[in-house]
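Take a look at the structure set out below.
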Amino acid sequence: MIDHNDDLINEPDPQRLIFGLRDTGYNVRTAAADIIDNSIAAKADKINVLITLKTDGKKLVYFADNGTGMTAAGIHRAMRYGAPERDNPESLGKFGLGLKTASSSVCLRFSLISRNNETEQLSKLTWDLDHVAKERKWEMLRDPVTKDEQEIFEDLCGKHGTLVVWEKCDRILTKDYEPGGAKEQAAINRLAGSLAKHLSLVYHRFLDKNDPRENNLEIRINNEKVEPWNPFYPERSEQVLHEKKQKLIVELPDGSEEIATIRAWILPHRSDMTKEEEKEHARISNRAQGFYVYREGRLIQDGSWMDVFSAPEPHTSLLRIEFDFGHALDDAFRIDVKKSRILFHPDLEDGLKSLLQPIYREAGLRYRRKSRDHSNTQNIDHSSANKNIAETNNASTPKVSSVDPETQSAIISNNMGAKIKLKLAIQSNVSPDTIYVDAVETITSGELWQPAFRSAGDSGHVPAVLLNKHHDFYQKIYQRAAANGFAVDGMDLLLWAFAVAEQNNTNEELEPIFEDIRNEISNNLRKLLRNVPDPEPSELLANLDDE
């Protein structure tokens, strides 16, 4: 009798699917981390990664751990696509796909070798994608354990543990080199260094023996120990979120509640660190700001604002948010197969934005203050404009006839008449290099510029313009233009001309009107430059190098 339900069984094509799963978004670093997750789940405290290059160009990668290991039946379950769920729900393994999809994203052949006690023989199973394609069925290989594999297992795993072997690594390097040559070996060395840097961040809580939150773990790559890198640099950073706000209660679809925790850190500004300290401990950059998301102590996402705030900006580069959750919130945060990304529910986004907005703003203010204090030590050369003005004798300028000794107001003659009294700064003992145009930090009104009169010795008082170093235009435009003398010269002459035009066409009645005009122009410039970032210290250094 024919079962008419047989046509409802629609198994996937082995070749199409097993090759298609290579492109699930892994790179070598995230793939290696997925293998290491399995070692941690197996209670390993020592993991060794060997990346080898043969003289003929063959590349092999070994992941060896001293965890609990597996029986032959356990290996068979682990190598199944969609392996059975682990008994421990806190395990870093989640979907039963990581070992397979991570491995096949890098290589065409991978093996699992293990035992759970020293009295057992090593068991081994292999997936070879070319074999699956040839046979057109989901068939593994039961090849014998090679001598090299036996020696590596005995040396690095010991009495029990697991060895994962990647062979036919066609995607381990992004460029083609002469097989087995010096350039290919250098590329392998760079890959090992890049992987070490990635793992030092992803597992820093496990690698740091002084961090009590996770079990201690040692990882070595090509015999080099991976040191932990804590992105929050707690030795120097300030934790700025109040303790009562560090717990977030997340309601699940079934009505139950789980807790996620959050901490906010503001790192020290570059100007407060040595270059070596910044490079080794802080690594400040636009990409490094934002959320650092941990699942069961393992970092799964770093350096993104995840739609809570806008794209990374320089003025928030000092702010890093530590976000922790456990396995019970996997579905709520829609964790992906690679365990490299989560998604916040829109309601949670709004809550996080409300909670973090004051901190986000404060981090920006601190960055700007420090950056501007630093940039103001890099003096812009205004001598060219001062020289040009001094050499121009036919400019129409007001004349100072005397100074009121009580109010220090200038009595001038200008286009409005003689003996016009103006409430302008009268300055003496001024350097000849800045007598006409000078950048100062004493303007507190928010104006970009202010007119002034300055003593020029025997020549009496001359009209001048004072530039506000704290104004956005000076910080964002002048500072960037510092290496271009013509640009600075042009802006200096323009603002001096504005200042002199005001002095030459005002009186006590018109003086507040001109002040209002200055205020409005300065405010409009500030608004126009609101979305223009302050220059990075590297830009200022580049300007100095160009001069």
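The values are calculated or read from the model by the stated rules, or taken from the named source; none is laboratory data. The shown structure was predicted, so the numbers you read here are calculated from the model rather than taken from an experiment. Counting neighbours? That spans all protein chains shown, and the Cβs are built from the backbone with ideal geometry, glycine included. The accessibility values were calculated without ligands, DNA or RNA, using every heavy atom of the protein model including side chains. Shrake-Rupley method; radii C 1.70, N 1.55, O 1.52, S 1.80 Å.
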Strands (runs of 3 or more DSSP E) contained entirely in the stretch 400-453, each with at least 1 residues that are more than 22 Å from H382 (Cβ to Cβ): 410-414, 417-422
Residue list for the stretch 486-525, filter: β-branched (V, I, T) and closer than 15 Å to L467 by Cα: V488, V500, I521
Breaking point among (1) exposed (fewer than 14 other Cβ atoms within 10 Å of the Cβ); (2) at pLDDT 80 or above, for L319: (1)
Given (1) open to solvent by 30 Å² or more (accessible area, probe 1.4 Å); (2) modelled with pLDDT of 85 or more; (3) of a type outside the set (D, E); (4) in contact with a strand residue (DSSP E or B) (Cβ under 8 Å, 6 or more places away or on another chain), index of the condition V437 fails: (1)
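Each row is one residue, and each column tells you yes or no for (1) under 25 Å from the mean Cα position of the chain (by Cα); (2) assigned to a loop (DSSP other than H, G, I, E, B); (3) over 30 Å from R270 (Cβ atoms); (4) of a type outside the set (K, R).
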| site | (1), (2), (3), (4) |
| --- | --- |
| P212 | no, yes, yes, yes |
| N215 | no, yes, yes, yes |
| R220 | no, no, yes, no |
| P228 | yes, yes, no, yes |
| P231 | yes, yes, no, yes |
| R236 | yes, yes, no, no |
| V250 | no, no, yes, yes |
Failed criterion for R480 (all others in (1) open to solvent by less than 30 Å² (accessible area, probe 1.4 Å); (2) of a type in the set (D, E, K, R); (3) out of contact with any Lys or Arg (no Cβ under 9 Å at 6 or more places or on another chain) hold): (1)
Residue, nearest to the chain's Cα centre (by Cα), within the stretch 510-528, restricted to residues that are under 14 Å from W449 (Cβ atoms) and of a type in the set (A, V, I, L, M): L525
Residue in the stretch 338-353 that is surrounded by fewer than 21 Cβ atoms within 10 Å (Cβ to Cβ), within 24 Å of I36 (Cβ to Cβ) and at pLDDT 85 or above present: no
Top-ranked residue in the stretch 286-316 [being more than 23 Å from R213 (Cα to Cα) and charged (D, E, K, R); ranked as least open to solvent (accessible area, probe 1.4 Å)]: E313
Failed condition for I335, given (1) at pLDDT 90 or above; (2) of a type in the set (V, I, T); (3) not in a strand (DSSP E or B): (1)
Residue ID - farthest from C107 (Cα to Cα), chosen from residues in the stretch 126-154 that are within 41 Å of the chain's Cα centre (by Cα) and not in a helix (DSSP H, G or I): T126
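Rundown of residues vs (1) in contact (Cβ under 8 Å) with a residue 24 or more places away in the chain; (2) basic (K, R); (3) more than 17 Å from R236 (Cβ to Cβ), yes/no style:
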residue: I266; (1), (2), (3): yes, no, no
residue: S271; (1), (2), (3): yes, no, no
residue: R287; (1), (2), (3): yes, yes, yes
residue: V293; (1), (2), (3): yes, no, yes
residue: I300; (1), (2), (3): yes, no, yes
residue: G303; (1), (2), (3): no, no, yes
residue: M306; (1), (2), (3): yes, no, yes
residue: A311; (1), (2), (3): no, no, yes
residue: E322; (1), (2), (3): yes, no, no
Residue match in the stretch 19-28 (condition: open to solvent by less than 10 Å² (accessible area, probe 1.4 Å) and either modelled with pLDDT under 95 or not aliphatic (A, V, I, L, M) (or both)): no
Top-ranked residue of the stretch 472-492 - restricted to ones that are of a type outside the set (A, V, I, L, M) and outside any helix (DSSP H, G or I), ranked as modelled with the lowest pLDDT: N484
Filtered residue count, the stretch 454-471, keeping only those that are modelled with pLDDT under 90 and within 13 Å of I380 (Cα to Cα): 1
Where a residue in the stretch 423-443 is under 17 Å from N388 (Cβ atoms) and its partner, wherever it lies, is of a type in the set (S, T, N, Q) and open to solvent by less than 30 Å² (accessible area, probe 1.4 Å), with Cβ under 7 Å and at least six apart: D433/N386; T434/N386; I435/N386; Y436/N386; V437/N386
Members of the stretch 249-296 that are among the polar types (S, T, N, Q), closer than 27 Å to D34 by Cβ and touching an Asp or Glu at 6+ places or on another chain (Cβ under 9 Å): T261, Q289
Search result, residues across the stretch 110-124 that are open to solvent by 10 Å² or more (accessible area, probe 1.4 Å) and in contact with a helix residue (DSSP H, G or I) (Cβ under 7 Å, 6 or more places away or on another chain): L122, S123
Failed item in (1) surrounded by 20 or more Cβ atoms within 10 Å (Cβ to Cβ); (2) closer than 20 Å to E406 by Cβ, with Y474 passing the rest: (2)
Residues satisfying the stated conditions in the stretch 249-268, i.e. at pLDDT 85 or above and open to solvent by less than 60 Å² (accessible area, probe 1.4 Å): S256, A260, T261, I262, A264, W265, I266, L267, P268
Filtered residues of the stretch 226-248 (kept if under 26 Å from I36 (Cβ atoms) and either in contact with a helix residue (DSSP H, G or I) (Cβ under 7 Å, 6 or more places away or on another chain) or open to solvent by 90 Å² or more (accessible area, probe 1.4 Å) (or both)): V226, E227, P228, W229, N230, P231, Y233
Close pairs (8 angstrom Cβ cut-off, 6 or more residues apart or separate chains): open to solvent by less than 60 Å² (accessible area, probe 1.4 Å) in the stretch 68-85, at pLDDT below 90 and not polar (S, T, N, Q) anywhere: Y81/G96; Y81/L97; G82/F95; G82/G96; G82/L97; A83/G96; A83/L97
Complete set of residues in the stretch 373-425 that are β-branched (V, I, T) and either under 48 Å from the mean Cα position of the chain (by Cα) or at pLDDT 75 or above (or both): T377, I380, I389, T392, T397, V400, V403, I411, I412, I420
